Amino acid sequence: ATELERGVVAGLAGGRGAAAEALGAELADHLRALLRDVLCGHLRPDLRGLADELIATEAASA
């Protein structure tokens with residue numbers, strides 16, 4: 001995934017196939033949804049902190 005991301009950022013990911021294109025589109029959709037939720041006030045702007053809290057909560061309950 002990291003290699004694919006670097007290729008997309010560098011403009012070198014062309015020809016990677018339909019699966020890579022679908023993955024990129026799915027990631028873009030998720031990012032758009034996160035940004036929309038931050039802008040609408042549904043999520044706080046510190047997404048990294050929120051993610052860390054969710055992971056810690058999940059680990060504590062496991």
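Just so you know, all these numbers are worked out from the coordinates, no wet-lab data involved. Everything quoted here is computed from the prediction, not taken from an experiment. Methodologically, a virtual Cβ is constructed for each residue, glycine included, from the backbone with ideal geometry; neighbour enumeration extends over all protein chains shown.
Ranked by the mean number of other Cβ atoms within 10 Å of their residues, highest first, the peptides 32-40, 54-62 fall in the order 32-40, 54-62. Compute log10 of I(q)/I(0) for the chain with the Debye formula, placing one identical point scatterer on every Cα and leaving out solvent, at q = 0.22, 0.23, 0.25 Å⁻¹, to two decimals. Per q value, in the given order, log10 I(q)/I(0) is -0.92, -0.94, -0.97. Were the residues from LEU43 through GLU5 laid out at 0.36 nm apart, the gain over their Cα-Cα distance would be 11.2 nm. Among residues other than ASP52 with Cβ under 15 Å from its Cβ, the summed charge is -1 (Lys and Arg +1, Asp and Glu -1). Under a model in which nothing but the beta-carbon of Lys, Arg (+1) and Asp, Glu (-1) is charged, the chain shows a dipole of about 200 debye around its Cα centre.
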